[in-house]
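This report concerns only the one structure given below.
The values are calculated or read from the model by the stated rules, or taken from the named source; none is laboratory data. Quick caveat: nothing in here was measured; it's all calculated off a predicted structure. Cβ coordinates were reconstructed from backbone atoms using ideal geometry, including for glycine residues, and neighbour counts include every protein chain displayed. Only protein heavy atoms, including side chains, enter the accessible area calculation; ligands, DNA and RNA are left aside. Shrake-Rupley method; radii C 1.70, N 1.55, O 1.52, S 1.80 Å.
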Amino acid sequence: HQWSLWRAETGCEWPPLPPQLERRSRAAFASAQVHPSRMQRHVCYALGSLGLPSQEEVRIPEGYSIDVATEWGGVRVGIEVDGPSHFRTDRRPTGSTVLKRRQLRHFGWTLLSVPYWEWEALRDEDRFIQRQMQCAYLAEALDEATGTRTTASGDGWVAIDCTSLLDEATAELEDLPSFQGVAPSGTATARLEPPELDP
């Protein structure tokens, strides 16, 4: 199927695949299973903090699945959250990753790659500081990818909505047996029962 896309991309006049084989190859390509990573989920949380709606694993007519789709400055952007399997040992993208990026751009997508090592560098023990760094990173990267300059990234400040921070913390706390839920005020509350003491 990617060979058929290559023909469309380059305008090559080589004979196309037989219709039945082309339909079968496209169906197999478009039905490939995808498994969103934890890193991908965290990127979506950070987009939410920027006030950006996003969709995960968007299947486009050409058969590719885009990790995350959003809009920035009126431009539709596909975000590829690229883990270690997308890179060689020298951190250069693999051939299949290069091919996907090139073909997606040909079919009209503005792309942003989020390499795993850059995202991991944004870790911090303070969740709020970490989210600030993640949002600043995404705002700057989206500006660069779309060729725009938004107020969100002006003067080094990024305005963020902490609701997605709450969602993320809540998801992690729900596994605790004494988790009591989320307060209506938008503040996470976790109550840990004190240990019983012998009389």
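Here are some notes:
- Segment 71-151 shape via C-alpha gyration tensor axes, a/c threshold 1.5: oblate
- Percent accessible area from carbon and sulfur atoms, segment 35-119, protein chains only, probe 1.4 Å: 50 percent
- Cut-off under 5 Å, modelled amide H: who pairs with S113 long-range: E80
- Neighbourhood charge, 13 Å Cβ-Cβ cut-off, centred on L111 and excluding it, Lys, Arg +1 and Asp, Glu -1: +1
- R0 of 22 Å, Cβ-Cβ distance F87-A8: FRET efficiency to nearest 0.05: 0.20
- Largest to smallest accessible area among H35, H42 [probe 1.4 Å]: H35, H42
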